[in-house]
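S.K.: My structure is below; once you've seen it, I'll send some questions.
The values are calculated or read from the model by the stated rules, or taken from the named source; none is laboratory data. Remember, predicted model here, so these are calculated numbers, not experimental data. Positions of Cβ are backbone-derived with ideal geometry, glycine not excepted, and every protein chain shown enters the neighbour counts.
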Amino acid sequence: MNQEDIRTLNELKMLSLDMITRAGSGAPGLTLSMAPLVYTLFHRHLHIVANDPTWMNRDRLVVSCGAASSLVYAAYHLAGFAITRDDLMNYRRIGSLTPGFLEYGVTPGIDASSGLSGNGIATAVGMALGKRYLKNIIESEDERIKLLDYHIYVLCTEMELMEGITNEALSFAGVQNLSDLMILCDANSMSEDGPMSMTMQEEWARKCMAMGWYVDYLKDGLNIRDIDKAVAAAKKSGKPSIIFVKSVLGKESFVENNNISFTRPLTNDDIANLRKKWNLFLPPFEVSKDSILFFQKAIKERSDKKYRRWQEIYNKAQSNQNKQILNIISAIEKKEIEIDFNSDNYKINDGYRESLRESNLKIINIIAQKNNLFLGGSADSSASSQTYLNNTGDQSAKNPIGRNIWFGRRENAMAAILNGLALSGLKVFGSTKLAYADNMKASMRMTSLMNLPVTFIFTHDTISSSQDGPVMQPIEQLAMLHTIPNLICYRPADIIEVMGAWEAILKKKLPSALIITPNDSPKLPGSSAKNVLKGAYIIKKEKERIDGILISSGSELIYALQLSYDFEKLGIDTRVVSMPSMELFMSEGKNYEEELLPSNAKRIVIESSSSLLLTRFATSEEYVIGLNDFGFSGFPNEVLKQMSMDYETMKTRVENLLRK
């Protein structure tokens, strides 16, 4: 390394350590081991523009190891991004641009939030898949318009490699041969608890090669020249690539190669020793002008050349007035895809009856015809979930514009990959059975944290859906989905409400979960697509008075309506409220809630899921007919009877409550 590299690298490390020391928390050991890797990537390879941090063709950087956040913030600061000295000083403070883990939409330059361990790797896989898809559909319109040639880089440690989601994602990326994806692994052989040898013995290089990856291993993690050459070679490999860079946690500190440096700031004596060792005598948070100029000059000269060339191609696309390409570019830049789906345009006859999976399949195929930025797939369940987009092809390296993604039995990775696709500017969905929702929780949580318009389609939502027994009969999953902040859940009861759910999903552009029963469902009298947007509405009005209100969703709404008709013959006058979306209903406000569910009326909720959240709308806990036990293996009518969710048992329970 030349003296300019040494000085700038050391100032980058100290700036990161200053942030950790002032915050009183962070991972100084990771700063010291990973700094040469981060420095080389920024100084020698990343194409980024400080004045245009969301430039469409910038290289993407995903930091899967969130503990490295201070180092990454410091690098963006040195690169001239709008992250000030004060921002660095407020590291890990409320309202700052520098939260503890990287957060999408908060800090300039940050392309994805750092989720739980390994989640960033899977998200980056989705970003690489999204880039390939968008590049190829643009060039299929006009092969001269080459607007997208960026790379997706990931920073990680060996700890992320231990996670199951990482293995899912690496396998998927290898099958898809996502050659624009590169993982840079800080191989410091240490985890938070101690030496990695205590928990991992895999030969990761051979394992990754077996999954279709190009692999390199650098013995000297301090050698910037070697890192530079390895990155350049990996970009030419024609495969997804992973570079293991051997390093030492906490290098040069008093706690070198000690796991405590993962979670504790260095002592003042240790910081003073490093300043002396590196010959740095500026005050904390100060960086020399020479280092700033040296760092920014390399980035600017490299990136500005590519930026100008890209502008010329972009202007050419505009002058050609290719509407399709311009719409794609606009969608990528704004990450807001407009799909005109109006439920009023589709008339359903009164005798209509079919499985809601089939109804949903028809609707998503209609949507797919309207916009080629709408795509998705399933976690090895398209035959049962029925979400295959007809006549659009299967996504693969040989067919990069295919719109059906085969995720395999990788539910958690599927959800994270969908997040990466959404971050690329696409409107995506992924499907599986509702019982598998637990496998996806960590990634769905990141969907909601980043506020991405991903739609998760869950089928087999009741205890009568499967004779496999309690393992595949979801009880608590619907309640779990409702507890994820910012996630809008839809549980439609018939094809009309399915159309309404999709109309709301496309209009709201929010994280969504669409819960679909596989059972046959008739078109219900009084159902309304437009009212799904309100979350709940009166599907059957009382005739003269309100003796009680029956509130339901999904397949149980059919029961509620039948109960209401039967009670009329007994002189009991009831209102039936369909509640396809609890979240949208609660967002309507107290006045609408009181209008639909008068507080002085008996309110009974019927739903085949956990009763814990349903009490919010019922008169009391007693007035909830739900499920709080696991199911059984058996014929549907037997299981419903055993769980007291069959029609006759339900009728007796509801009648007793109404006459009480």
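S.K.: Being of a type in the set (S, T, N, Q) and within 28 Å of Leu449 (Cα to Cα) is the requirement here; does Ser512 meet it?
M.R.: yes
S.K.: Just checking, does the stretch 384-393 include any residue being out of contact with any Leu (no Cβ under 6 Å at 6 or more places or on another chain), in a helix (DSSP H, G or I) and modelled with pLDDT under 95?
M.R.: yes
S.K.: For the stretch 160-200, how many residues meet the condition of being more than 30 Å from Asp394 (Cβ to Cβ) and hydrophobic (A, V, I, L, M, F, W, C)?
M.R.: 8
S.K.: Check off (1) buried (at least 24 other Cβ atoms within 10 Å of the Cβ); (2) touching a helix residue (DSSP H, G or I) at 6+ places or on another chain (Cβ under 7 Å); (3) assigned to a helix (DSSP H, G or I); (4) touching a residue at least 40 places away in the same chain (Cβ under 8 Å) for Ser33 and give me the number that stays unchecked.
M.R.: (2)
S.K.: Return a yes/no flag: does the stretch 45-62 have any residue that is in a helix (DSSP H, G or I), over 22 Å from Gln176 (Cα atoms) and either modelled with pLDDT of 95 or more or not assigned by TED's automatic domain parsing to the domain that holds Asn259 (or both).
M.R.: The answer is yes, given that some residue of the stretch 45-62 is in a helix (DSSP H, G or I), over 22 Å from Gln176 (Cα atoms) and either modelled with pLDDT of 95 or more or not assigned by TED's automatic domain parsing to the domain that holds Asn259 (or both).
S.K.: Here is a further query. Is it the case that the stretch 448-460 has a residue that's part of a helix (DSSP H, G or I) and closer than 28 Å to Ala169 by Cβ?
M.R.: yes
S.K.: Would you confirm whether or not the stretch 625-633 contains a residue that is surrounded by fewer than 22 Cβ atoms within 10 Å (Cβ to Cβ), among the aliphatic types (A, V, I, L, M) and closer than 16 Å to Ile549 by Cβ?
M.R.: No, because not a single residue in the stretch 625-633 is surrounded by fewer than 22 Cβ atoms within 10 Å (Cβ to Cβ), among the aliphatic types (A, V, I, L, M) and closer than 16 Å to Ile549 by Cβ.
S.K.: I'm trying to understand the selection: among the residues of the stretch 249-277, which are of a type in the set (A, V, I, L, M) and buried (at least 16 other Cβ atoms within 10 Å of the Cβ)?
M.R.: Leu249, Val255, Leu266, Ile271, Leu274 - these are the residues of the stretch 249-277 that are of a type in the set (A, V, I, L, M) and buried (at least 16 other Cβ atoms within 10 Å of the Cβ).
S.K.: Now for a separate question. Inside the stretch 234-248, can you point out the residues that are assigned to a loop (DSSP other than H, G, I, E, B) and surrounded by 15 or more Cβ atoms within 10 Å (Cβ to Cβ)?
M.R.: Result: Lys239, Pro240, Ser247, Val248.
S.K.: Further question: Does Lys660 count as surrounded by 15 or more Cβ atoms within 10 Å (Cβ to Cβ), at pLDDT below 95 and charged (D, E, K, R)?
M.R.: no
S.K.: Follow-up. Mind listing whichever residues of the stretch 77-101 are closer than 18 Å to His43 by Cα and either among the hydrophobic types (A, V, I, L, M, F, W, C) or surrounded by 24 or more Cβ atoms within 10 Å (Cβ to Cβ) (or both)?
M.R.: His77, Leu78, Ala79, Phe81, Ala82, Ile83
S.K.: Something else about it: Search the stretch 358-385 for residues that are touching a residue at least 60 places away in the same chain (Cβ under 8 Å) and farther than 20 Å from Ala415 by Cα and pair each with any residue that is among the basic types (Lys, Arg) and outside any helix (DSSP H, G or I) when their beta-carbon atoms are under 9 Å apart and the residues are at least 6 apart or on different chains.
M.R.: Ile367/Lys427; Asn372/Arg403
S.K.: Within the stretch 587-611, work out how many residues are of a type in the set (Asp, Glu) and within 32 Å of the chain's Cα centre (by Cα).
M.R.: Selection size over the stretch 587-611: 3.
S.K.: Can I ask one more? Of the residues in the stretch 434-470, how many are within 25 Å of Glu556 (Cα to Cα) and out of contact with any helix residue (DSSP H, G or I) (no Cβ under 7 Å at 6 or more places or on another chain)?
M.R.: Matching residues across the stretch 434-470 total 6.
S.K.: When the stretch 394-408 is examined, which residues are found to be closer than 15 Å to Leu373 by Cβ and out of contact with any Asp or Glu (no Cβ under 7 Å at 6 or more places or on another chain)?
M.R.: Hits for the stretch 394-408 are Gln395, Pro400, Ile401, Arg403, Ile405.
S.K.: Of Glu336, Glu312, Glu301, which residue is farther than 20 Å from Gly109 by Cα, acidic (Asp, Glu) and surrounded by fewer than 18 Cβ atoms within 10 Å (Cβ to Cβ)?
M.R.: Answer to the check: Glu312.
S.K.: Next question. Among the strands (runs of 3 or more DSSP E) contained in the stretch 132-233, which hold 3 or more residues that are closer than 18 Å to Leu423 by Cβ and assigned by TED's automatic domain parsing to the domain that holds Asn119?
M.R.: By residue number, 152-157, 181-187.
S.K.: Another question, then. Within the stretch 445-475, how many residues are in contact with a Phe, Trp or Tyr (Cβ under 9 Å, 6 or more places away or on another chain) and under 17 Å from Leu613 (Cβ atoms)?
M.R.: 3
S.K.: Oh, and also: Do you know which residues across the stretch 394-407 are small (Gly, Ala, Ser) and either crowded, with 17+ Cβ neighbours inside 10 Å or modelled with pLDDT under 95 (or both)?
M.R.: Once the filter is applied, which keeps residues that are small (Gly, Ala, Ser) and either crowded, with 17+ Cβ neighbours inside 10 Å or modelled with pLDDT under 95 (or both), the stretch 394-407 yields only Gly402.
S.K.: Here is a follow-up. Of everything in the stretch 1-30, what is small (Gly, Ala, Ser), part of a helix (DSSP H, G or I) and farther than 21 Å from Phe281 by Cβ? Give them in sequence order.
M.R.: Ala23, Gly29 - these are the residues of the stretch 1-30 that are small (Gly, Ala, Ser), part of a helix (DSSP H, G or I) and farther than 21 Å from Phe281 by Cβ.
S.K.: Next question, about the same structure. Are there any pairs, at least 6 apart or on different chains, whose C-beta atoms fall under 9 Å, with the first in the stretch 603-631 and farther than 15 Å from Val654 by Cα and touching a residue at least 40 places away in the same chain (Cβ under 8 Å) and the second among the aromatic types (Phe, Trp, Tyr) and not in a loop (DSSP other than H, G, I, E, B), and if so, which?
M.R.: Correct list of pairs: Phe617/Phe585.
S.K.: Here's a follow-up. Anything in the stretch 517-553 that is at pLDDT below 95 and either among the hydrophobic types (A, V, I, L, M, F, W, C) or under 20 Å from Ile625 (Cβ atoms) (or both)? List them, or say none.
M.R.: Correct list: Thr517, Asn519, Ser521.
S.K.: Also, quick follow-up: For the stretch 575-606: of the residues being touching a Cys at 6+ places or on another chain (Cβ under 7 Å) and buried (at least 22 other Cβ atoms within 10 Å of the Cβ), which is nearest to Val498 (Cα to Cα)?
M.R.: Only one residue tops the list, namely Ser581.
S.K.: When the residues of the stretch 278-293 are filtered to those that are over 16 Å from Tyr76 (Cβ atoms) and among the aromatic types (Phe, Trp, Tyr), which remaining residue is surrounded by the most Cβ atoms within 10 Å (Cβ to Cβ)?
M.R.: Trp278
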